[in-house]
Amino acid sequence: MRRSPRLRAVAVDVGLVALALLDAALSARVDQASRAALGASVLAALALAVRRRWPYATFALTLPGLLIASVLIAPLVALYTLAATSRNRRPVLVCAVIAGLADFTPWPVSASDLQWRHGVGNLLALIYAAAYVGAPVALGLLVQTRQELRDRLTELIEGQDREQRLLADGVLARERARLAREMHDVVSHWVSLIAVQAGALRVTTRDDTTRECASTIRELSVRTLEELRHMVGVLRVAGGPAVELVPQPGLADITALVQGSSQDANVDLDGAVAGGWPDAVERAAYRTVQEALTNITKHAPGAPVTVHVAPWEQGLRVSVRNGPPPGQPTTGLPGGGHGLIGLRERAELLGGTLRAGPTSDGGYLVEATLPGTVNGRVTMRAALRN
């Protein structure tokens, strides 16, 4: 199991305090220190416990131990903490000079010591004091610089990711605009011709059945053009505020959809209309029935159809089953299998499933299970798919 950074920091501080206490004990034993020196050593070691929160106070508490007890670890760790955490370099250098003087100058100061130190000089002691304070300061500054570089690199990577997302959004917006133009120029053209021809046939024909069929074709063509216009609008505003496709079909519209499909169908909503389902779920249920009826019209015209929509566990189950076709289909309508793929993607976006396949009696079954609750993010993605 990977340890958290906070737990790791606590473990490091506990180890440093223990090591500083051991240093204090050894120094007191070797130098036969007084109680004051031993107390200063213990205080310096215990001060390391708060070095991350109060680094300057910790350094000040370690100075007496450096002066009168000759402890080494606690002042060294305090200096390193100052250099690694402080953004202002000047106070760090001042503290380093103070620590160097405390290490170089004997305590208590006597005239003979001063004469020996400053008159004769002791180059080795001076070099040792400089190395003692210089090493932790240099290491702390190196750690701080490394962390700054890491932060800058993280910012650079995040900036590149944002730039890549913006570039991808721009490409997607242009592609969706191109698709919108194609849909408007190609699909709407042919559907408009169908509506016009159906309207002309309804006016000129004298046969009631033909007039009724022409009226149905014109009505379906007009409805298709309306939905196409809304879809083109959504594609054109990609990257801006979301545009809702209105009016949106739901469970209450399934009965009218089946009646307008000219199929021998039995519809059973089983109280699902009053279930208060999310809009994305109702749209998915409606599109499932719509696509299944379209496939039946293509591949099994005239076959008996059963549409059943009912609550199931915590969600909604939609099933469209048709029996074997009475004869060989003669519609000749094209089909690429993309409808069922789209239904499966729609169900998975909502957190549901879809299965489709032939039945034992020669018919076909399309069944979708949809969740009863959908979070906001999935609902938005499903709406864009719709």
Residue among V77, V42, V92, V12 that is assigned to a helix (DSSP H, G or I), under 43 Å from the mean Cα position of the chain (by Cα), modelled with pLDDT of 75 or more and over 17 Å from A138 (Cβ atoms): V12
Top-ranked residue in the stretch 276-310 [being over 30 Å from the mean Cα position of the chain (by Cα) and in contact (Cβ under 8 Å) with a residue 60 or more places away in the chain; ranked as nearest to L220 (Cα to Cα)]: E291
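Per-residue answers, yes or no, for (1) in the same structural domain as G351 (by TED's automatic domain parsing); (2) within 28 Å of H230 (Cβ to Cβ); (3) in contact with a Gly (Cβ under 6 Å, 6 or more places away or on another chain):
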{"position": "D264", "(1), (2), (3)": "yes, no, no"}
{"position": "A272", "(1), (2), (3)": "yes, yes, no"}
{"position": "E282", "(1), (2), (3)": "yes, yes, yes"}
{"position": "A285", "(1), (2), (3)": "yes, yes, no"}
{"position": "P301", "(1), (2), (3)": "yes, no, no"}
{"position": "P304", "(1), (2), (3)": "yes, no, yes"}
{"position": "E313", "(1), (2), (3)": "yes, no, no"}
Single residue of the stretch 190-214 satisfying the filter (in a helix (DSSP H, G or I) and of a type in the set (S, T, Y)) that is nearest to L228 (Cα to Cα): S192
Residue match in the stretch 111-129 (condition: at pLDDT 85 or above, in contact with a helix residue (DSSP H, G or I) (Cβ under 6 Å, 6 or more places away or on another chain) and part of a helix (DSSP H, G or I)): no
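The values are calculated or read from the model by the stated rules, or taken from the named source; none is laboratory data. Source: prediction; values computed, not measured. Cβ coordinates were reconstructed from backbone atoms using ideal geometry, including for glycine residues, and neighbour counts include every protein chain displayed.
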